[in-house]
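Inspection log for the structure reproduced underneath, given as structure tokens.
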Amino acid sequence: MSFLLKIQPVFAAVVLVALVGCANDPAPTEQLKLTEQAVAQATAVGATDEEPDLVTAQTKLTQARVDMADKSYKDARMQAEQAELDARLAEARVLTQKSEAQVAQVNTRLERLRKQLGAGQ
Amino acid sequence: MNAVARSLSLGLLLASAGLAGCAGHQSSEQALQGAVADYQKVKEDTNVLRSAPKDVIRAGELLGRAERLSSYIGSADDVSHYAYLSSRYSAIAREHSKLLLNQEKLARLELERQRLQLALREAKLAGAQQQGKWAEDQVISLSTQQNERGLVMTLGDMLFDTGRAELKSSANRTVLKVVQFLQFNPKRVVRIEGYTDSTGDSEVNLALSKDRAQAVADVLSDLGIEEDRIQVEGYGDQYSVDSNASESGRAQNRRVEIVFSDDKGRLSAPR
């Protein structure tokens, strides 16, 4: 019995610390907004579901919202932080692809011009 | 008894936590190593450093955080998390760098294109003057008429070799006139429409009419007219202007028409 009495305050302290730990993680409202903006931005530049990173971002954002509703704020923050960068990467990839297409297009035009100039002489 | 049971279950709990921790530790170690490798690559790439320094710095900061956390017990999830974020920043930095390189390349190519356009215009002008047969052009640009479709210029059949889509050099003066007109009227746009006679397969005719219209569009674009001002349509053997029974009628029907918009850029609808 005395053993139990001794262990109980320690146990209570541990539980308390765990609880405080949970309560200390604030709701990542700002991060969620940032993530939503990043996903919107990626979509705005033309990223679609064919861009795997955008799909990942959307999945994680959905999970973050679920975690948020469950008050699992740490999980929500982590999911949202990852989703933000997934979306940013998707956006960057789309922009790179577009610029590659532009380079290819200008190269085609240049080739045509050179051919015409060559034929004219 | 109660105490024994409790300490037993506590032991089990600790053991399973330890096992889980171990598995978590392994995957977090992998994520960390991956992030280190990613960061190393972007850090050594001068192009990436130059074009996306902020992303590289963020990748480094997050990697540092993951490394510091990895020395604590029970931090596997956090290590994986920050390693993941660091890897993402490295990847973003690489993409930004590729984008910048492409943009620089585009700027160089665009300059080259302008230079070549100028050269081509001069060459065509010289060619047109050398020919000295302005009368031929009168025949070539058969007519420019104003009708319900707007201002329509007809490029005759003799500007193309039979069955071929490339514009002949005898079209130089006509084409230059069109380019000049479009440059003086920057709001006007054009639709280039190809037509053939009814000889042969109509699918082939459709393709040829489209190719000829595209060839005219390409030349205009080569001479500096923006592509978004040029529409292209092929109508094959439809909308003939003369009988397909005679050779002269068929020659009339083989044509490319340039339909001009009004000076506000309003173009009649395609047929």
As straight-line cross-link partners of B:LYS98, the qualifying lysines (C-alpha separation under 17 Å, not fewer than 8 residues apart within one chain) are A:LYS98, B:LYS41, B:LYS43, B:LYS54
Rounded accessible area of A:GLU100 (nearest 10 Å², 1.4 Å probe): 90 Å²
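Note down the net charge around B:PHE184, summing +1 for each Lys or Arg and -1 for each Asp or Glu among other residues with Cβ under 12 Å from its Cβ. Provide the component values of the computation, followed by the final result.
Numbers: positive: B:LYS177, B:LYS187, B:ARG188; negative: B:ASP263.
Residues near B:PHE184 contribute +2 overall.
Which FRET efficiency value, to the nearest 0.05, is calculated for B:ALA269 and B:SER198 with the Förster distance at 25 angstrom and r the Cβ-Cβ distance?
Details: r = 24 Å, r/R0 = 0.98.
Efficiency for this residue pair is about 0.55.
Count charges around B:VAL152 for me, please; just the other residues with Cβ under 11 Å from its Cβ, Lys/Arg as +1, Asp/Glu as -1.
Values: positive: B:ARG149, B:ARG191, B:ARG255; negative: B:GLU148, B:GLU193, B:GLU257.
Result for the neighbourhood of B:VAL152: 0.
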Hull volume per residue for region B:18-104, using the convex hull of the C-alpha atoms, in Å³ is 63 Å³
Are there GluC sites (Glu not before Pro) in region B:212-254 that DSSP marks as loop and that have at most 15 other Cβ atoms within 10 Å, and which are they? B:GLU226
Straight distance only, please: which lysines reach the Cα of B:LYS177 with their own Cα at less than 16 Å, same-chain residues fewer than 8 apart left out? B:LYS124, B:LYS133, B:LYS168
Show me, for region A:37-54, the HN-Hα J-couplings you get by feeding each phi into the Karplus relation (A = 6.51, B = -1.76, C = 1.60, θ = phi - 60°), rounded to Hz, glycine and proline as x. 4, 4, 5, 4, 5, 4, 5, 5, 7, x, 6, 10, 5, 6, 8, x, 5, 5
If I stretch the segment between B:ALA245 and B:GLU29 completely, what's the gain in nm (0.36 nm per residue apart, minus their alpha carbon distance), one decimal? 69.6 nm
Checking buried surface per residue: for region A:88-121, which residues lose a minimum of 50 Å² accessible area in the protein assembly relative to the chain alone (1.4 Å probe)? A:LEU89, A:THR96, A:VAL103, A:VAL106, A:ARG109, A:LEU110, A:ARG112, A:LEU113, A:GLN116, A:LEU117
Give the A-B buried accessible area in Å², both sides summed, 1.4 Å probe, nearest 100. 3100 Å²
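The values are calculated or read from the model by the stated rules, or taken from the named source; none is laboratory data. Nothing here was measured: the structure is a model prediction, and the numbers come from that model. As a convention, Cβ positions derive from the backbone with ideal geometry for all residues, glycine included, and neighbour counts pool all protein chains shown. Keep in mind that these areas ignore ligands, DNA and RNA; they rest on the heavy atoms of the full protein, side chains included. Shrake-Rupley method; radii C 1.70, N 1.55, O 1.52, S 1.80 Å.
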